[in-house]
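The block underneath contains the structure these notes are about, expressed in structure tokens.
Just so you know, all these numbers are worked out from the coordinates, no wet-lab data involved. As the structure is a computational prediction, the values presented were derived from the model and not from experiment. Quick reminder, even Gly has a Cβ in these numbers, built from the backbone with ideal geometry, and neighbours come from all protein chains shown.
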Amino acid sequence: KDVNELQLPHASFDRVVSVEMFEHVRNYQHLFANIAGWLKDDGLLWCHIFCHRFLHYPFEVNNNKDWMSQYFFTGGLMPAVSTFLNFQQHLTIQDQWQWSGEHYQHTANAWLYNMDANKTRLKPLFKATYGKEAAVW
């Protein structure tokens, strides 16, 4: 479901948790306004995002090697660390943490290793899920 079209009852949550979803969104102001409406008066949003140290840019497909833009972050944005500071009309940032991402390569390589080690079990699942596009994933 498209989060921009998500309709939930007003003031019905004390917490909203988002993990790696805001990179897929372009209109932060609209989404923050919606989340503020879904939260109770003392409610909190916790948001985990990938971000760039200082650049805010769209994921655009410039050539056939732009896999992330074409298949994963389609139409999304890479926020900068400071991006959400500019969208505090509806929610106020209380705390912000930043990790360097230096060790993320270990995580990505572990995923790849596990996928390669389980290739024969995964291929039928990918084919059932993605059909002709299974090889892309």
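Below, the figures for the structure above:
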read-out	value
Nonlocal amide H pairs with Leu45, under 5 Å, H built at 1.01 Å	Val16
Debye intensity ratio in log₁₀ form over the Cα atoms of region 1-76, taken at each q of 0.13 Å⁻¹	-0.47
The chain: Rg to Rh, with Rh as the Kirkwood radius over Cα pairs	1.02
Share antiparallel - DSSP beta bridges, the chain, percent rounded to 5	20
The chain, relative contact order in percent, only Cα pairs under 8 angstrom and at least six apart counted	21
The chain, helix-only ellipticity at 222 nm - DSSP H runs n ≥ 4, -39,500 (n - 2.57), divided by all residues, nearest 500	-8500 deg cm²/dmol
Residue of Phe72, Phe54, Phe126 that the Gaussian network model of the chain assigns the largest fluctuation, springs spanning Cα pairs under 10 Å	Phe126
Relative compactness, region 70-117, computed as alpha-carbon Rg over 2.2 N^0.38 Å	1.66
Residue (of Cys51, Phe84, Ser69) at the positive-pole extreme of the chain, dipole from beta-carbon charges	Ser69
Sorted peptide list for 6-16, 92-102, criterion being average Cβ within 10 angstrom, highest first	6-16, 92-102
Calculated FRET value between Lys123 and Tyr71, using beta carbons and R₀ = 22 Å, to 0.05	0.80
Helix axis angle, 104-117 relative to the chain longest principal axis, alpha carbon, degrees	40
Karplus-derived HN-Hα couplings along region 35-50 (A = 6.51, B = -1.76, C = 1.60, θ = phi - 60°), whole Hz, x at Gly and Pro	4, 4, x, 6, 7, 5, 3, 9, x, 10, 10, 10, 10, 9, 9, 7
